[in-house]
Amino acid sequence: MNFEALRQRVQRAELVVAVRVEKTRSSWFTLSSVWRAGWTPLRIITVGLAGGFLAGKLEPTGLGAKVQGARWLQMIGSVSNLVASTQAAFASMQASEAADTAEQAADKVDDAADQSPRQAAPAPAPAPAAPRLGPERRVDPASPSQPQPAEAATDLSER
């Protein structure tokens, strides 16, 4: 093989490696996002229960096993306390942000209230007209073809 053919072969191999690296990165990103989305609270609890059951079954019997179990319980309690304190800190942070937002809104209302007496009061809006339900029909009392409203009601009830 000559040098030019070897060089083209190396370039092709580098291109294939670059494409496969990109595909691997894409697949890894997809896997990591699906993995994170897949851990729902029910699944976490199920895995925790199954892990606890397996740890209890695989643990050797005897005094050392009881100490190991106590350590497991201590670790679970510590993790539970850590999660609870983290959630409390997060809730506290959200509450302080909400308080700041409410304070800013109150300041804006106070500013608007201070400015409103200086401005002229707007004229009251006119009362809306009564809506029309259909086209107007005028009934001529002298016309025999159109019955009066009371007569029309009695005519329909007799049928």
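The values are calculated or read from the model by the stated rules, or taken from the named source; none is laboratory data. Note that the structure is a prediction, hence the values are computed from the model and not measured. Note that each Cβ is placed from the backbone with ideal geometry, even for glycine, and that neighbours are counted across all protein chains shown. Keep in mind that these areas ignore ligands, DNA and RNA; they rest on the heavy atoms of the full protein, side chains included. Shrake-Rupley method; radii C 1.70, N 1.55, O 1.52, S 1.80 Å.
Listed by first and then second residue, the pairs with beta-carbon distance under 9 Å, at least 6 apart or on different chains, first residue in the range 76-92 and surrounded by 10 or more Cβ atoms within 10 Å (Cβ to Cβ), second part of a helix (DSSP H, G or I), are ILE76/GLY48; ILE76/GLY52. Of all residues in the range 18-53, those being more than 21 Å from SER80 (Cα to Cα), open to solvent by 80 Å² or more (accessible area, probe 1.4 Å) and either within 23 Å of the chain's Cα centre (by Cα) or touching a residue at least 40 places away in the same chain (Cβ under 8 Å) (or both) number 4.
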